[in-house]
Amino acid sequence: MDGRRPGLNRLPRPFVAGLAAVPVVFVAVFYLWPVATLVGHGVDADALHHVLTSRRTWDVVWFTTWQAVASTVLTLAIGIIPAHVISRFRFPGRRLLIGTLTAVFVLPTVVVGAAVLAVLPGSLERGVVAILAAHVVFNLAVVVRVVGATWEQLPADMEAAAATLGASPAAVLRTVTLPILRPAIATAAAIVFLFTFTSFGVVRVLGTATSTTIEVEVWRRATQLGDTAAAAVLSMLQLLVLGAVVWSSAVAHRRHGRALALRSHSAPPRPRGPGQRRYVAGAAIATAAVVVVPLVALVERSLRTRDGYSLNAWRRLGRSEVRPGIQLGVDPLEALVNSMRTAAWATAIAVVIGALAALAIVAAGAAGRFLDAGLALPLGTSAVTIGFGLLITFDDGWYDWRASWWLVPVGQALVAVPFVVRSTLGVLRSIEPDLVHAAATLGASPVRAWREVVLPHLWRPLAVAAGLAAAIALGEFGATSFLSRRGNETLPIAIERLLGRTGGTLQSQGFALAAILAAATVAIVVFLDVAGAPRRGGSSTDPVRITTGTRSPEDG
Amino acid sequence: MTRDVRTRLLAAVIGLCVIAVACGDDADDRVVLVAYDSLPVEDTTLNDALAAFTERTGIDVEIVTAGDTGTMVSKAVLTAGNPEGDVMWGVDNTFLSRAVEGEVFEPYAPQGIEALDPSLVATAPDDMVVPVDVGDVCVNYDVAWFAEHQLDPPTTLDDLLRPEYADLLVVENPATSSPGLAFVLATIAEYGEDGWLDYWRALDANGVEVVDGWNEAYYERFSWAGGGPKPLVVSYGSSPPAEVIFADPPVDAAPTGVMDDTCFRQIEYAGILRGTPRRAAAELLVDFLVSADFQRELPLNLFVYPANGDVELPPEFVEYAVIPEQPRTVDPDDIDAHRAEWIDQWTAAVLG
């Protein structure tokens, strides 16, 4: 059941166009125009020559690429066993483990960076090792859920059949399991590569001058060196690389991806025998440790001072004094209030635009695919590109909106809208068109029938989407790094600045703020899970599924 | 939760947010001063002088800081025409051309400009900015640390390359910090455009530490003022007298010394930011910043010499300050033409 059924298409054209107008204008003004400006800035012969011939550029590109590849390989290697254990066995604490992995996935990048900073010893605190560690912690959920989703559906009977035909466990793995899992592994790898290639928050907190990615270099050139042309060139370079990766993965997917109608008919078994039990327990505990230990270290570091543990950093959260009279330039509590306010506005904007867009996509039928693709564009660009584009576009004349209070929420909303659309689209597409027909036979006009039947289905997924958008907006760091002005800094910005002061109360304050942000995000995720239980044909409330675009057996 | 309750809750939240946003103040009787982060925002005599200004004119002065000079100037260029404040304090001769090219300022010649040293005023182009203080950026050393380790402190730039001084120096990043850039320019003046990179590579091999700003270098990494591990730091020629004045318990001799072979002359400026909605208040503030009432607080708070010739220096300053005979300078046109390139080359050589 999809939106191409004629029933919903009977809506009058102007109505559908009206629905689509707002999201289209929003994306055109706040995304397409800035990207065009960015390209215009970058296509400057001087800047192009300077950037492309500079050794540092290629050093940065090389580092970005190889750390993304290394992160992907590491995450896959570390994640494959938890994926197996979680999807093939039933054990106490399984749901809690899944929930923990999901919660860590939704955490802001700055918080994960802070957590890894807290857990690593001094010499490894910043640099490649720290960056890879943070990437693994972050993206474990992707590998476990994406690969696990397919593995879950693999009927045990297939493997059993292969075994009765004489295959050893290794051969079973090679000939039956891996070929079926390959598309899922490829999807997970592509997603993790994309996330780690465009990693910004983690690298800002944990990177050094020699281990920096393209995104951070764009930021550094634009805001620290004032070299916007070179920053624009680097942005375009990154867009090209990202485009190539996305395109090649889409091609590979189309060529090799098979829609396997697998359905496992039995629930996953409990582990049998001491060997299996030890294996499952060990894997579960190790996985939990990988994601929980950094968070515990975060809280511990916020309490640690030169002479024992104290609540000093927490008590002094309102002051960011370096020495008497000298301030750090950011007020942590003010940043907290700013974050909440900005996130509230960003959520409101994202929910409204996303809802209208989802309704328009479903109502427009075939033409809706263009709108869907267009709205997914900001998802493919990085948040840094969005923020940078907004900064250099709206800086003159009647559209000089740099100082407007709404520019930061708009930037955050741009990042969140695709997720809102994704999570509501599933529900809308699964509405029985016969209901609309029934309303029509009872005398309702097309618009009225649509309103009475479709709209009530919207509220629950919208509430879930609002929660996800709030979590994204709270932790958003890339776009905000460009757009924030003195007085409206958000929490991630304050955290990053505090964490940069090695040792001492200021850094402990940074850890304390990161713990607060983590708690707020986790609370939102838990609320999502509790408030929006999946129903038949309902949307998934799982942020990992929404973000990675995978579907589970329960989705329609 | 029923749909009804949820809708009402959502509306209430949105309503609260609207109120919260709408209640932001937009008082016109204030002026915002953008400065580097080592300008104190409260509790010092500098702030008392600003409070006196507020009492006299009724205009509140709000100080806004975020990082060292390089970061401040970059932000100003990005927000030119729609600035974050009304007056900028602290752009120096090493970063001035970037700010002027970025059209950051509006011209204004303040009342009382006659009291300023005319040679300094001549360095400010077209009344865009007005000089407010002068200093020398030099490497400072911790007297007690060298005595304890029975080492003679280094005296020349070449000395810093010697193995006995390995891993002892902390410098600031020239991209973000004006003393950092001033020190790099000093090495360019000394070794020329062909030799300075080799000097830095050798310095890097000898374990130099790089941080982002002067605040961090002096108050966190320097062994005397910050309790850190490094007894050598790029700071100001007037840091030693400040250490004497603030010493508790009092001392007879300066606890830090200056390597005057490493000094570079730095002039700092203030100017009105282009596009400010509070031009009249900004003019009054700039007038105050060059007046004797404010300039006399500069030596003890910012460790620099006031540009206003009418101000008498504190006696400790005269006694303990090291005024180098021949501080190095680099032609402002050269700085303008090559600064970005030099910073890039430095980054590649030292941080790359």
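The values are calculated or read from the model by the stated rules, or taken from the named source; none is laboratory data. Fair warning: this is a prediction, and the values are worked out from it, not measured in the lab. Glycine also receives a Cβ, built like all others from the backbone with ideal geometry; neighbour counts cover every protein chain displayed. Ligands, DNA and RNA are stripped out before the accessible areas are found, and what is left, the full protein with its side chains, is counted by its heavy atoms. Shrake-Rupley method; radii C 1.70, N 1.55, O 1.52, S 1.80 Å.
If I go through region A:389-406 residue by residue, how many of them are buried (at least 21 other Cβ atoms within 10 Å of the Cβ) and more than 10 Å from chain B (Cβ to nearest Cβ)?
3
Taking region A:110-129, which residues are among the small types (Gly, Ala, Ser) and open to solvent by less than 50 Å² (accessible area, probe 1.4 Å)?
Within region A:110-129, A:GLY113, A:ALA114, A:ALA115, A:ALA118, A:GLY127 meet the criteria.
For residues that are at the interface with another protein chain (Cβ under 10 Å from one of its Cβ atoms) and open to solvent by 30 Å² or more (accessible area, probe 1.4 Å), scanning just region B:28-44, find the one that is nearest to B:TRP214 (Cα to Cα).
Applying the filter and picking the extreme gives B:VAL41.
Of all residues in region A:213-241 being among the aliphatic types (A, V, I, L, M) and open to solvent by 10 Å² or more (accessible area, probe 1.4 Å), which is farthest from the other protein chains (Cβ to nearest Cβ)?
A:LEU240
Return the pair list, or none, for Cβ contacts closer than 8 Å from residues in region B:328-348 that are more than 14 Å from chain A (Cβ to nearest Cβ) and over 17 Å from B:THR71 (Cα atoms) to residues that are of a type in the set (Val, Ile, Thr) and buried (at least 16 other Cβ atoms within 10 Å of the Cβ), at least 6 apart or on different chains.
Sorted first by the residue in region B:328-348, then by its partner, the pairs are B:VAL330/B:ILE188; B:ILE335/B:THR94.
Suppose we keep only residues that are within 11 Å of chain A (Cβ to nearest Cβ) and open to solvent by 20 Å² or more (accessible area, probe 1.4 Å) within region B:49-66. Which one would you say is modelled with the lowest pLDDT?
Looking at residues that are within 11 Å of chain A (Cβ to nearest Cβ) and open to solvent by 20 Å² or more (accessible area, probe 1.4 Å), I get B:ALA66.
Scan region A:490-519 for residues that are open to solvent by 10 Å² or more (accessible area, probe 1.4 Å) and outside any helix (DSSP H, G or I) and jot them down.
A:GLY500, A:ARG501, A:THR502, A:GLY503
From the list A:ALA344, A:ALA413, exactly one residue is among the hydrophobic types (A, V, I, L, M, F, W, C) and open to solvent by less than 10 Å² (accessible area, probe 1.4 Å). Which is it?
Being among the hydrophobic types (A, V, I, L, M, F, W, C) and open to solvent by less than 10 Å² (accessible area, probe 1.4 Å) holds for just one of A:ALA344, A:ALA413, which is A:ALA413.
Among the residues of region B:8-27, how many are at pLDDT below 65 and either part of a helix (DSSP H, G or I) or facing another protein chain (nearest Cβ under 8 Å) (or both)?
The number of residues fulfilling the criteria is 10.
Each row is one residue, and each column tells you yes or no for (1) of a type in the set (Phe, Trp, Tyr); (2) under 16 Å from B:TYR218 (Cβ atoms); (3) open to solvent by 50 Å² or more (accessible area, probe 1.4 Å).
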residue	(1), (2), (3)
B:ASP142	no, yes, no
B:PHE146	yes, no, no
B:PRO163	no, no, yes
B:VAL171	no, yes, no
B:GLY180	no, yes, no
B:ALA189	no, no, no
B:GLY195	no, no, no
B:ASP198	no, no, yes
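Among the residues that make up region A:144-164, is at least one of them open to solvent by less than 10 Å² (accessible area, probe 1.4 Å), modelled with pLDDT of 90 or more, small (Gly, Ala, Ser) and under 21 Å from A:VAL291 (Cβ atoms)?
The answer is no, given that none of the residues of region A:144-164 is open to solvent by less than 10 Å² (accessible area, probe 1.4 Å), modelled with pLDDT of 90 or more, small (Gly, Ala, Ser) and under 21 Å from A:VAL291 (Cβ atoms).
Inside region B:87-101, can you point out the residues that are over 17 Å from the mean Cα position of the chain (by Cα) and away from every other protein chain (no Cβ under 12 Å)?
Result: B:VAL100, single match.
Checking the condition closer than 30 Å to A:GLY397 by Cβ and open to solvent by 10 Å² or more (accessible area, probe 1.4 Å), which residue from B:ARG278, B:ARG265, B:ARG221, B:ARG296 passes?
Being closer than 30 Å to A:GLY397 by Cβ and open to solvent by 10 Å² or more (accessible area, probe 1.4 Å) holds for just one of B:ARG278, B:ARG265, B:ARG221, B:ARG296, which is B:ARG278.
Conditions: (1) open to solvent by less than 10 Å² (accessible area, probe 1.4 Å); (2) farther than 14 Å from A:VAL290 by Cβ. A:ALA134 meets all but one. Number of the miss?
So the condition that A:ALA134 fails would be (2).
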